[in-house]
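A quick write-up on the structure given underneath.
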Amino acid sequence: MSEEFTHQARKRFGQNFLRDRNIIERILKAISPTEGDRLLEIGPGQAALTDLLAASGAQLDCVELDRDLASFLQQRFAAAEHVRIHQQDILKFDLHSLSPTVEPNSLRIIGNLPYNISTPVLFHLLKNHTLIRDMVFMLQLEVVERMAAQPGNKNYGRLGLMLQYYCEVEHLFNVPPEAFSPRPKVSSAIVRLRPHTGFPLQARDPDTLELVVRTAFNQRRKTLKNSLKAIMSAETMAQTGIDLSLRPENLSLSEYVQLSDVLSDVSGEEN
Ligand code: SAM
């Protein structure tokens, strides 16, 4: 970072800047960017990762909300034609606005994400999952554990199920608070998400799947029969062929897709 740039970290933007060289290099290794890549970095901040991403020669778009940081980055990369800085909120950023147009299954997204908005950012990006090749993120460890959780685990729930519906989720490694300045109060982890190209499981209507999963986990301790009666009749439940005396953490993603498909069929017939 240039000597003359001093920046007071802003809590409201979730600013915890990476300082540990080893961790920065491990993240870069996990991404391994090459010249032909199309990269998008969310929240580049003071360029801890951005410098190395830019050095790969890949085309790099960066979305940074903080005006001061965005203007610092614009100056820093003024001479680099392959790097573009967008001073915008990632939650309002449209991946289709990138120029030239992003080819399907090509965009590689990277970010040490502001923890307060990490889940909305993931769901915002997944609206355009067909454009994305992979994503490598730093997130709160607890969130990564929920994203990668399997049935029967206490962390298994809506976040993991919906992300695993769209992507392969890989918890890569953990990062301690000392790697940042200022230090966050929680531990962090690096996660890789690869959107499925040939969907292993395809729900007839992903919105219905979302509804079923959300309703099931609204009351974690209740049986599925009890929770799902808010959206399914006893007759529909019987058609699913699934043991609904179980708790929500005991069903696999494929069983949730099965539940959701029966509900989609019944709603389709009623309309
Ligand atoms: N990448 C840098 C690093 O690793 O040191 C900074 C990471 S810091 C945890 C999060 C960054 O995201 C900050 O630079 C912050 O200003 C930016 N940010 C916060 N909210 C944002 C939003 N809604 N859209 C884009 N960037 C945002």
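The values are calculated or read from the model by the stated rules, or taken from the named source; none is laboratory data. All figures in this text were calculated on a predicted structure; none of them were measured in a lab. Every residue, glycine as well, gets a Cβ built from its backbone with ideal geometry; the counts of neighbours run over all protein chains shown. Just so you know, the surface numbers come from the protein's heavy atoms only, side chains and all, with ligands and any DNA or RNA stripped out. Shrake-Rupley method; radii C 1.70, N 1.55, O 1.52, S 1.80 Å.
Computed quantities for the displayed model
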{"item": "Any hit, region 12-19, residues being modelled with pLDDT under 95 and of a type in the set (A, V, I, L, M, F, W, C)", "result": "yes"}
{"item": "Qualifying position, being closer than 26 Å to Ala179 by Cα and within 7 Å of the ligand (Cβ to nearest atom), among Val121, Val63", "result": "Val63"}
{"item": "Val213 within 30 Å of Arg108 (Cβ to Cβ), assigned by TED's automatic domain parsing to the domain that holds Gln15 and open to solvent by less than 80 Å² (accessible area, probe 1.4 Å)", "result": "no"}
{"item": "Residue in region 193-210 that is most open to solvent (accessible area, probe 1.4 Å), counting only those that are free of Cβ contacts under 8 Å to residues at least 12 places away in the same chain and not charged (D, E, K, R)", "result": "Pro200"}
{"item": "Pair list, Cβ under 7 Å, 6 or more apart: region 110-124 residue part of a strand (DSSP E or B), other residue more than 9 Å from the ligand (Cβ to nearest atom)", "result": "Ile110/Ile31; Ile110/Leu39; Ile110/Leu53; Ile110/Val136; Gly111/Phe137"}
{"item": "Odd one out for Ser56 among (1) modelled with pLDDT of 95 or more; (2) open to solvent by 70 Å² or more (accessible area, probe 1.4 Å)", "result": "(2)"}
{"item": "Residue match in region 16-32 (condition: within 21 Å of Leu91 (Cβ to Cβ) and under 19 Å from the mean Cα position of the chain (by Cα))", "result": "yes"}
{"item": "Failed item, numbered, when Glu178 is tested on (1) in the same structural domain as Leu122 (by TED's automatic domain parsing); (2) closer than 30 Å to Ile132 by Cβ", "result": "(2)"}
